[in-house]
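Asks: After the C-alpha cells below, expect a handful of questions from me.
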Amino acid sequence: MKQSIARILSLCAMTVLTGVTQNTFAAELVKVGAGSDADLKLYVIDCGVLLYNNPNKFGYKKEDLKETNLSNGCYLIVDPGKGTLLWDTGVIPDNLWKGDGISPKKFYAEGTRPLKEQLAEIGYQPDDIKYVAVANQYWDHISNLYQFANDTWLTSKITRDKLLSSNAPEHTDPALFSSLKDTKTITIPDDKNYDVFGDGSIIIIPTPGHTPDHHSLLVNLKRTGPIIISGDLWHYTKDFETNFTQNNDDRPTTLLSRARILQLAKKINANIWIPHDYIQFSQLKKSPEYYN
Ligand SMILES: [Zn+2]
C-alpha cells in the first residue's frame, strides 16, 4: 500500500495543484495532525455487497480486476469519553430483512446482516449513537440513516437538501428520509475540514468529485496509527495505479481530491482504506473485533 501511494504521489506531483480552492484545501491539510490522546476503537461493519460483473462504468474490463464486486463498509468509532460516530449506513435498509434468514437483495446489492443487529452485538442501539455521517448522498451510503433520526446528523447541506427533496437519490425510499426532517443537524463544510470531537482524533475531510458533497474520514488510532477511510474517492485499489475517474460527477475535482488525500497520507503516514474494494475490505478485522 505504502509503495503504491509513493508511486502515485510522484505521478500526482505533475498534477496541477494551483487555484484558490486548492490553496484553501492545502491550508487545511497543514492543520491536520498525526494523532491525539484519544483512545478510540474503530469497528469495521460489513454492510453488504454490490454485485458488480461489469466494471466498464469504472473504466475497466472484467479481466483487469481480480474482483469486480464492491464491498459496502460501515464504521463505528467509539471515544470512551466523548461518544460515538457512525460513518456510513449501508446499502440495504434494515427494514428489508424479513427474519427468514434470507439476505435481501435490492437492485444489484445484497445484504449480509442487518446493521442494527451488528451494532447491538457490540452494545449499541441506534439511539445510543451520538453522531451519524455519510461519505456521500448515494444509496449505498445512506440506506439506514433513517434509523438514526434521534442522533445528531453531521451533514453537508448538499446531502441534507438532496435527501429531503422531492427528488431523493435513486434506488432509495424517500419515505424513509422523512424521519430526518426534525433531526438535530450540524452542517459540515464542503470546503473545510470538520473536527468531530474538537481534539484532532476524528476529522471529516471534504473530498469532492465523485459527488459535490463527498467526504472522507481521518481516524487517528493510538496503536494502529492514522486511517483514512476514503469513501468513493477510489473504488478499487487498482485505481491507485490507473487513476481512472470514469464514475465521477466531476473528474478533474476528483483528481485534486485524490492528490490531497495522498499528500495527507504521506505526511502523517496514514493507511488508506477503500470501503468499496472487496479484496482490501475482506482483509480487515470485522466487528465485534476492532482497531484501536
Ligand atoms: Zn459508494
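Asks: Starting from residues that are within 16 Å of the ligand (Cβ to nearest atom) and not aromatic (Phe, Trp, Tyr), keep the ones in the stretch 263-276 and report whichever is nearest to the chain's Cα centre (by Cα).
Replies: 275
Asks: Still on this structure, I have one more. Quick check on this structure: which one of 144, 136, 56 is in contact with a Lys or Arg (Cβ under 9 Å, 6 or more places away or on another chain), within 16 Å of the ligand (Cβ to nearest atom) and among the polar types (S, T, N, Q)?
Replies: 144
Yes/no per residue for (1) out of contact with any His (no Cβ under 9 Å at 6 or more places or on another chain); (2) away from the ligand (no atom under 16 Å from the Cβ); (3) not polar (S, T, N, Q):
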| position | (1), (2), (3) |
| --- | --- |
| 226 | yes, yes, yes |
| 232 | no, no, yes |
| 278 | yes, no, yes |
| 285 | yes, yes, yes |
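Asks: Can you go through 48, 111, 81 and tell me which one is surrounded by fewer than 21 Cβ atoms within 10 Å (Cβ to Cβ), farther than 21 Å from residue 228 by Cβ and among the small types (Gly, Ala, Ser)?
Replies: After ruling out the rest, the residue left standing is 81.
Asks: Is it the case that the stretch 224-232 has a residue that's in contact (Cβ under 8 Å) with a residue 60 or more places away in the chain, among the polar types (S, T, N, Q) and crowded, with 18+ Cβ neighbours inside 10 Å?
Replies: no
Asks: Out of the helices (runs of 4 or more DSSP H) lying entirely within the stretch 119-178, which hold 2 or more residues that are more than 19 Å from the chain's Cα centre (by Cα)?
Replies: Per the criteria, 174-177.
Asks: Across the stretch 59-94, what is the number of residues that are assigned to a loop (DSSP other than H, G, I, E, B) and farther than 21 Å from residue 110 by Cβ?
Replies: Of the residues in that region, 6 qualify.
A short reminder: the numbers here are calculations on the coordinates, not readings from a lab. Just so we're clear, the structure is a prediction, and the values are computed from it rather than from any experiment. Using ideal geometry, Cβ is built from the backbone for each residue, glycine included, and neighbour counts are taken over all protein chains shown.
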